[in-house]
Amino acid sequence: MGDVALLLWLRARHARTALDHALRLFGTGVERGERTYALYLAAVVGVWAALMGAWLVASAADAFALAGAQAASSAARGALSACGLALFAAGAQGLRTPPVALSHADVAHVVASPMGARPVVLVEAACAALGWAALGGAAGFVVGAAAQTAFFLAHAAASCAALGALAGVACTAVRRLVGAARLSRKRWRVRHGAATLAVLGAAAGAWVALALLAPPVALGACAGAVVAGAFATLALVAPRVDMTAVIKEGALRADLRLVGAFSPLDERAKASYRRRCVLAARPSRFALPPGEGRAALVARAALSHARQREGLLALAFHGTAVVPLGVLAVLGAGDSVLFLFWLQAVVLMPQGARELSRAFFDDVRNRLVRDRLPFGTLELLAFDSLPAFALTTALACASCALALPPGTPVLGAWALAVAVNACSLASCALDAVRPRADGPWARWMCFELGASAMVATAFLLSLIASPLVAGAGIVAVAAVCACAVHSGVERAG
């Protein structure tokens, strides 16, 4: 019990530190002199949470009443079936993540002590299960309370909350069990992973079948059996977990805690640090295909995106959401307020646009390499960004073809998608250069300026002219940004 008490004390210290960081955002902390203000904040947050919960329940109840009992029942069963897919995904995640997440301080306190691996693994699993049970229970309660309000079903809120909590606990228990089983073997081979995936697939299939065909009571009993069996097996497997492997696999996460959500560092600096840490811990895959000149630039950029695959999601979002949103706004598919949403998406979520030019920025920042590349700034931007630009443009064209209103010319929308994507790329490159002559525009030359100019030009021209003229305005903004990049001086850092 002493080991468990120590581990619970460490978890309490983690929770206290996280709470203190959160309270710092409101100008207070957990010190004694500020507890009155902290209680006031807790009351405000509690009232806000209650009002938001009531609003969610009312909105869901209205949606259920409008859709009808049959449609609402099908949607609920579909949500329960999705929990089976989440169970499979959680188990698959255990194949590449340790069952315990230790910080550097935890390593000093826990691993250096004589306690075994069983209390460490079980306490971590229990704490994670409590968190996911609360999250799943809250989601289930909202759905159940809405159904109870719309269709006058007795005990629907409690039943759905229990099912959601059991689903959350089952997912986290299976993930910890798979991770513990993997690290308890001296050699984990490919066939072991394949067998684990097969078992997870069978379990997920059984869950989906029960969710679609069986009554909720049977699904709840199945989820309870999964939770009990997973924790019982985890208690048997945990003593054989290799804690050295846990520390080795968890070192990256422990390092990344230094640049967490409450770190005072700039978001771009934190993202760059996370990317470097992940890339350093990842083995090298793929090889640079043979080529020279401009073909070598394109091949190296494609290889960089393949190795740093975390940015592919940002590219996909940029190609399927941000660029089509601009195309729809210019074509007048929605109200003028669509331009405001487009501006927010471009300026406040620039990860996809920055990922477009990441290979270019990598070359510009590495002066040892850049000084030996016989290419101008604009030419380097074009060839370094070609693979990502082609991918996002193809995604944008496909999304536009699906989202366009009937009767809208598809070829014109595709041309607009190319123009919007090119202007976003040229705007990103403004962060890499500065004007040759210092002036008032020197400090304002940045991605946000180019992106805002693109949206503002398209909005103003769409008010007085056709979408073709607005598209020409976007092309003009892209040309101005490209000229600024071509004539500017590359920044050293």
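Nothing in this text is a laboratory measurement; each read-out follows from the coordinates by a stated rule. No experiment lies behind these values; they were computed from the predicted model shown. FYI the Cβ positions are ideal-geometry reconstructions off the backbone, even for glycines, and counts take in every protein chain you see.
Taking 0.36 nm per residue of separation and subtracting the Cα-Cα distance, full extension of the segment from E310 to L348 would add 11.8 nm. Its Cα gyration tensor gives the chain an equivalent ellipsoid, and the semi-axes of that ellipsoid, as √(5λ) in whole Å with the largest first, are 45, 32, 25. For region 366-466, a simple Cβ point-charge model (Lys and Arg +1, Asp and Glu -1, everything else neutral) yields a dipole of about 180 debye relative to the Cα centre.
Give the longest segment of the chain that steers clear of GluC sites (Glu not before Pro) in DSSP loops with at most 11 neighbouring Cβ atoms within 10 Å, not counting the sites themselves. My reading of the result: 32-291 is the longest stretch. To the nearest µm²/s, what D does Stokes-Einstein give for region 2-258 at 10 °C and 1.306 mPa s, using the Kirkwood radius over alpha carbon pairs as Rh? Stokes-Einstein gives a translational diffusion coefficient of 78 µm²/s.
If the chain linking L463 and L197 were pulled fully straight, counting 0.36 nm for each residue of separation and taking away their Cα-Cα distance, it would gain 90.2 nm. Label zone (R491, point 7 Å along Cα-to-C-beta; backbone nitrogen cut-off 15 Å) within region 364-387: 364-367. Taken about its Cα centre, region 1-75 carries a charge dipole of roughly 240 debye when the Cβ of each Lys and Arg holds +1 and the Cβ of each Asp and Glu holds -1.
Does region 356-463 classify as rounded, prolate or oblate by the C-alpha gyration tensor (a ≥ b ≥ c root eigenvalues; a/c under 1.5 gives rounded; else a/b over b/c gives prolate, otherwise oblate)? Oblate is the answer for region 356-463, as a/c is 1.5 or above yet b/c matches or exceeds a/b.
A run of the chain free of exposed loop cleavage sites, with chymotrypsin sites (Phe, Trp or Tyr not before Pro) counted only in DSSP states other than H, G, I, E and B and at most 14 other beta carbons within 10 Å, reaches its longest extent at 287-440. Using Cβ point charges alone (K and R +1, D and E -1), the dipole size of the chain about the Cα centre works out to roughly 1740 debye. Seen against the Cα atoms of the chain and their longest principal axis, helix 69-93 is set at about 90 degrees. Among the trypsin sites (Lys or Arg not before Pro) in region 387-493, those placed in a DSSP loop whose Cβ has at most 11 other Cβ atoms within 10 Å are R436, R443. Counting Lys and Arg as +1 and Asp and Glu as -1 over every other residue whose Cβ lies under 13 Å from the Cβ of A125, the net charge comes to +3. Take A245 and W48, extend 7 Å from each Cα along the Cα→Cβ direction, and tell me the distance between the two endpoints in nm. Placing both labels 7 Å along Cα→Cβ, they lie 4.4 nm apart. Between the Cα long axis of helix 467-487 and the first principal axis of the chain there is an angle of about 80°, rounded to the nearest 10. Helix 294-307 and the longest principal axis of the C-alpha atoms of the chain enclose an angle of approximately 20°. What net charge is computed for the residues neighbouring P98, neighbours being all others with C-beta under 11 Å from the C-beta of P98, Lys and Arg scored +1, Asp and Glu -1? Within the 11 Å Cβ shell, the charges total +3.
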